[in-house]
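Below is one structure, written out as structure tokens; the observations come after it.
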Amino acid sequence: MKYKNYYEVLGISKDASKDEVRKAYKNLAKKYHPDLNKNSSSSETKFKEINEAYEVLKDPEKRRKYDELQSSARFRHGAEFDPRKYGFDYQTTGSRGGGTGFSRDDFSDFFNMFFGGRGGGPEDIFAGFGGNSSSYQGSTGPSGGTTPKADIEAEMEIDLLEAYRGGEKQVRLSTEEGEKNLRIKIPQGVSDGNKIKLKGQGQTDPYTGIKGDLYIKLTIKNSRDFTLEGLDLYKNLKVTPWEAALGAKVSVKTLDEVVNVKVPPGIESGKKLKLNGKGYRKAGGGRGDFYLTVMIVNPPSLSKKEKELYQKLQEESPFTPDR
């Protein structure tokens, strides 16, 4: 892994003030911005390096952590560096960049090792433009260059029924201008991983002044009754011992209706019944199947008469299962 001397990248001293860090960043970012250096891969690489350095040094906590490392690892910028000698496991997969609007692929392994990862859960996924929920979208500005601080991405968890039926959901965002409440329209039949675009709800690009867009990536969570796999739905079907033994017709609730299901006699727990075309319906057409997994359940308590009948059945039946 190559060591990153972020002070060297920005051309400032270790004692530089916050204003000096910002000033150095702005001057270098303008100099190497892709809009001004089209078809220059070296400028693009330098631009990413500058953004990475600024991401660390503008943040007091990241800067403190970095300074602690630098005091024990005095390497020049770009020198080979083994993090294992400093107590770090060299694994970068799955980490993500922080709040500049870049993904982990735009930042170095060095950054992802020390500052990667995502924070926050479903309740705070909108905890701020420029927070851990953002990622680089690769938007384009008026002159065709990338605008890394404009478009951002966040994740939102929705219930399976919300995804199937669609509707509106209110979310709270911490933006550059302060707290903001937005109502998001969820289309019917969205799939896991689909994104909703909110135009003009991203960050302000520091060079063009244009507001980017917010992309909300939807994660569908299974409900208490239903499990979704692709377009197929799965649900447990509870039946009584006599329904399982004798067969029965039972009513079952799907995502959008109640259907009658025929339980064949002699069915065992764990067996599946398939209802064709009763699964999840995605936007634009296409529907999966509905699978019912049979579970034989006993009454929580037995009346005197029921006990007598069970005892009689026990006496009469020669059946003994394999044990």
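Please treat every number below as a calculation from the coordinates, not as lab data. A quick note: this is a predicted structure, and the numbers were derived from the prediction, not measured. Quick reminder, even Gly has a Cβ in these numbers, built from the backbone with ideal geometry, and neighbours come from all protein chains shown.
Here are a few things to note about the model shown:
- Part-to-part distance (alpha-carbon centres) for the range 154-173 and the range 6-68, which is given in Å: 37
- Net lengthening on full extension, LYS262/ILE196 (0.36 nm per residue, minus Cα-Cα): 19.7 nm
- By the rule of a C-alpha distance below 19 Å, with chain neighbours fewer than 8 residues away ignored, the aspartates and glutamates paired with LYS14 are GLU49, GLU52, GLU55, ASP59, GLU61, ASP67, GLU68.
- Fully extended contour minus Cα-Cα distance, from ARG183 to LYS253, at 0.36 nm per residue: 22.2 nm
- Pairs beyond 32 Å (Cα-Cα), from LYS18/LYS217; LYS18/LYS211; LYS58/LYS217: LYS18/LYS217
- Eligible lysines near LYS312 by straight Cα distance, threshold 21 Å, same-chain separation 8 or greater: LYS304
- Cα gyration tensor shape of the range 227-316, rounded if a/c is under 1.5, else prolate or oblate by comparing a/b with b/c: prolate
- Spacing of the modelled spin labels on ASP19 and GLU316, each 7 Å from Cα toward Cβ, amounts to 9.5 nm.
- Extension gain (nm, one decimal) between ARG172 and SER41, 0.36 nm per residue minus Cα-Cα: 43.3 nm
- Across LYS169/LYS278; LYS249/LYS272; LYS23/LYS46; LYS221/LYS282; LYS195/LYS282; LYS4/LYS31, pairs whose alpha-carbon gap is larger than 22 Å: LYS169/LYS278
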